[in-house]
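Below: one structure, written as structure tokens.
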Amino acid sequence: MSNWNRSVSVVLLAGAFIPAAAAQNASSGTASAPNFASMTSAWLAMGTDFKEVPGSPAIVTNDAAHPHFGNQQGRQSSFRFADLNNPNLTDFAKQSLKKTNDEVLRGKAVFSREARCWPTGVPTYDLNQAQPVYFIQTPKEVVMMWQMDHQVRHIYLNVPHSQNPKPSWYGESVGHYEGDTLVVDTIGQNTETFVDNYRTPHSEKLHVVERFHLTNGGKNLQADIFLEDAATFKQPVRMVQTWRQVSQGPMTESSCAESGPGFFSFDVEPIPTAAKPDF
């Protein structure tokens, strides 16, 4: 088991049984604060690509000459192939995306990063698929936990960013409530992750703001996302992700790396491994 997987498991075991009570405490300080937490229900991503916002500069989409088909679309699935004609992309972004496109053309199975057990970073964490996300809400912190592989994000409430946060997989997320919305500001991410499932790159200057709020009478969760990084996008972009509420009981234990290389002998990137033992 990797260092990263072990540490996440410890966090889950310590906190998985308190989301409902913690959410109530979080609401006590702000009467209108939204309640995303529950022991018996969670949030399942609706789609694995961000949706464009009218009026926003273009986000990365698929090249029409190489259509993308997901599972359960009635035909052979295919991998994403980024449209490099996007006028909002910098040369740095286009060069990196072209490398991924070339890998797809030569037959490499370019699965989403979480499918290969890698931490996905922000905002790609919002696209994590197949398994739901659980929330724990306390007066000082919101914790988001993706059931599959137990990927965890920590959002610290009502505090400023550190002066110079050390780059990390999920960066430093600070948040606050604005009425019925949880606003999350993230900086300080390393460059080992991407900003979407096309593998759009970013620099350590990536800045992400997510605004989480309930819609459809509480049946859906929506994140309105603002993303800026001059290394990748000529102009900041806005996009949306939506989840649906699912009732399935408490979070179940799941691990990824221990599942082995698998994937039917496809040519895939390796799963992450620890460079040294935990102890």
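Annotations
- Pairs with Cβ under 8 Å, 6+ apart, first in segment 21-50 and assigned to a helix (DSSP H, G or I), second among the β-branched types (Val, Ile, Thr) and at pLDDT 75 or above: Ala22/Ile136; Ala22/Thr138; Ala23/Ile136; Asn25/Thr138; Ala26/Thr138; Ala26/Val142
- Inter-residue pairs, beta-carbon under 8 Å, first free of Cβ contacts under 8 Å to residues at least 12 places away in the same chain and in segment 156-174, second loosely packed, with under 12 Cβ neighbours inside 10 Å and among the small types (Gly, Ala, Ser), 6+ apart: none
- Residues located in segment 125-149, provided they are surrounded by fewer than 23 Cβ atoms within 10 Å (Cβ to Cβ), out of contact with any Cys (no Cβ under 8 Å at 6 or more places or on another chain) and either acidic (Asp, Glu) or part of a helix (DSSP H, G or I) (or both): Leu127, Glu141
- Some residue of segment 99-119 being of a type in the set (Lys, Arg) and under 21 Å from Gln189 (Cα atoms): yes
- Entry remark, segment 153-184: residues being part of a strand (DSSP E or B) and within 17 Å of Ala33 (Cα to Cα) number 12 in total.
- Note on segment 136-167: residues that are at negative phi, at pLDDT below 95 and within 16 Å of the chain's Cα centre (by Cα) total 6.
- Residue within segment 185-202 that is closer than 18 Å to Asp83 by Cα and either without any contact (Cβ under 8 Å) to a residue 40 or more places away in the chain or part of a strand (DSSP E or B) (or both) present: yes
- Scanning segment 162-171 turns up no residue that is surrounded by 19 or more Cβ atoms within 10 Å (Cβ to Cβ), within 25 Å of Ser254 (Cα to Cα) and either of a type in the set (D, E, K, R) or in contact with a helix residue (DSSP H, G or I) (Cβ under 6 Å, 6 or more places away or on another chain) (or both).
- Lone unmet requirement of (1) farther than 23 Å from Ser112 by Cα; (2) within 20 Å of the chain's Cα centre (by Cα); (3) at pLDDT 85 or above for Gly55: (2)
The values are calculated or read from the model by the stated rules, or taken from the named source; none is laboratory data. Because the structure is predicted, anything quoted here is derived from the model rather than measured. As a convention, Cβ positions derive from the backbone with ideal geometry for all residues, glycine included, and neighbour counts pool all protein chains shown.
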